[in-house]
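These notes are about the structure you will find just below.
The values are calculated or read from the model by the stated rules, or taken from the named source; none is laboratory data. All figures in this text were calculated on a predicted structure; none of them were measured in a lab. For neighbour counting, all protein chains shown are included, and Cβ atoms are generated from backbone atoms with ideal geometry for every residue, glycine included.
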Amino acid sequence: MFNTRDTSIGLDLGSTGVRAVEVVWRNNRPVVERWAAADFPQPVADWRSADVSDTARLIADVTLRKGMRGHWVAHSVSGEAAAPQYFNFPQLMPEDIPEAVRIEAEAALPFKAEHAMISHILFPEQRIAANKVRTHGLAIAVDGTVAEERLSRIRAAGLETFCLETDATACTNAYIATRSDEDTGTTAILNIGQRFSNLAILGPDRVLMVRDLPWAGEHLTLTIAKMLSVPLAEAEALKRKHWEGGSAAAGALDDRMVEALRKGAQEFVGRLHDTVHYWSSERLVPTLTKLLVTGGGSQVRGLPEFFAEELQVPVERWAPFGTACPSSSAADVKSWDYRMTVAFGLALREFSLRK
């Protein structure tokens, strides 16, 4: 029903704000037709306490009132509300896949099955020995009691969702649609958000692994606050000044700021290293050839270099949204590009299904 449209809208409704991207396809490449973003006055820690009308108004402001066409959007969830799971079945008929995916996903849910909302993404059919074909892909199970708080606000804004995805798989959509023919190795994508970071590892022909990590920008802020003995609001302001102000601002900051950032990142590097090492040792993930970092947290100066040093793998900042957004001024795009990756990837959901 939805994969015949020429445009697609991705809506990233996170704890810090709303990001929306409308994509069109030209010459088999995605081009951003319209986009908008706005932050909440205060980060949303619990959607049950967020004002429905205020949140819905902000969602409408960055979608319908910006001229985005249509009312159907792709939306994603991450963190404790999402449970992505790889599946691999003997070849199935299309009509049999949803039930098989549900049975597989329910066996490993971290929340009650009766509350689960389950979607899936199919990868190209896998051919194995003796020319046997298998159906494989990613099941996306979402805790409906948590997701409904967000979905109710989307509906109150006059929109409807046609799929649920995870932030990590949205990032894989963006990578698959924009990577070059030279990208033949194993690539990890790390989206550093406010409360969670999303990790995806891709080979040249398929997604190998996705998971969420309970470390993100707020953990850096907390470490800075503790080490410098300042309130959280001041620690957040110092962190932003560190990544936005350039070398002049960096020189004005206490030397302990860099120490605090490195200490805050050390725990995360340990988690990241253990995750990659485990999957590599099990021979499920080949040795990484590069790590791409995106999301608001990736803008902290020195963080990608620290990852490269600790993980011994080339690390690059990655903002696919900026390269697909020729119609806006460079200054406008630059201030948001790393924070728009998930919304951009969600807008590509139909393309990933067609492929």
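Structure data summary
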quantity: Qualifying residue in the range 61-77 (condition: surrounded by 12 or more Cβ atoms within 10 Å (Cβ to Cβ), of a type in the set (S, T, N, Q), in a strand (DSSP E or B) and at pLDDT below 85); calculated: no
quantity: Conditions (1) at pLDDT 85 or above; (2) among the aromatic types (Phe, Trp, Tyr); (3) in contact with an Asp or Glu (Cβ under 8 Å, 6 or more places away or on another chain); (4) closer than 27 Å to Leu199 by Cβ: number failed by Trp47; calculated: (1)
quantity: All positions within the range 140-153 that are under 19 Å from Leu348 (Cα atoms) and part of a helix (DSSP H, G or I); calculated: none
quantity: Single unsatisfied condition, Pro90 versus (1) without any contact (Cβ under 8 Å) to a residue 12 or more places away in the chain; (2) more than 21 Å from Val21 (Cα to Cα); calculated: (1)
quantity: Single match in Ala248, Ala237 (criterion: aliphatic (A, V, I, L, M), modelled with pLDDT under 80 and out of contact with any helix residue (DSSP H, G or I) (no Cβ under 9 Å at 6 or more places or on another chain)); calculated: Ala248
quantity: Residue among Leu346, Leu292 that alone is modelled with pLDDT of 85 or more, within 17 Å of the chain's Cα centre (by Cα), assigned to a strand (DSSP E or B) and of a type in the set (A, V, I, L, M); calculated: Leu292
quantity: Hey, Glu114 more than 24 Å from the chain's Cα centre (by Cα) and at pLDDT 85 or above or not; calculated: no
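This table checks each residue for (1) farther than 15 Å from Leu13 by Cβ; (2) buried (at least 16 other Cβ atoms within 10 Å of the Cβ); (3) among the charged types (D, E, K, R).
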{"site": "Trp47", "(1), (2), (3)": "no, yes, no"}
{"site": "Val52", "(1), (2), (3)": "no, no, no"}
{"site": "Ala81", "(1), (2), (3)": "no, yes, no"}
{"site": "Phe89", "(1), (2), (3)": "yes, no, no"}
{"site": "Ala108", "(1), (2), (3)": "yes, no, no"}
{"site": "Glu114", "(1), (2), (3)": "yes, no, yes"}
{"site": "Lys132", "(1), (2), (3)": "yes, no, yes"}
{"site": "Leu138", "(1), (2), (3)": "yes, yes, no"}
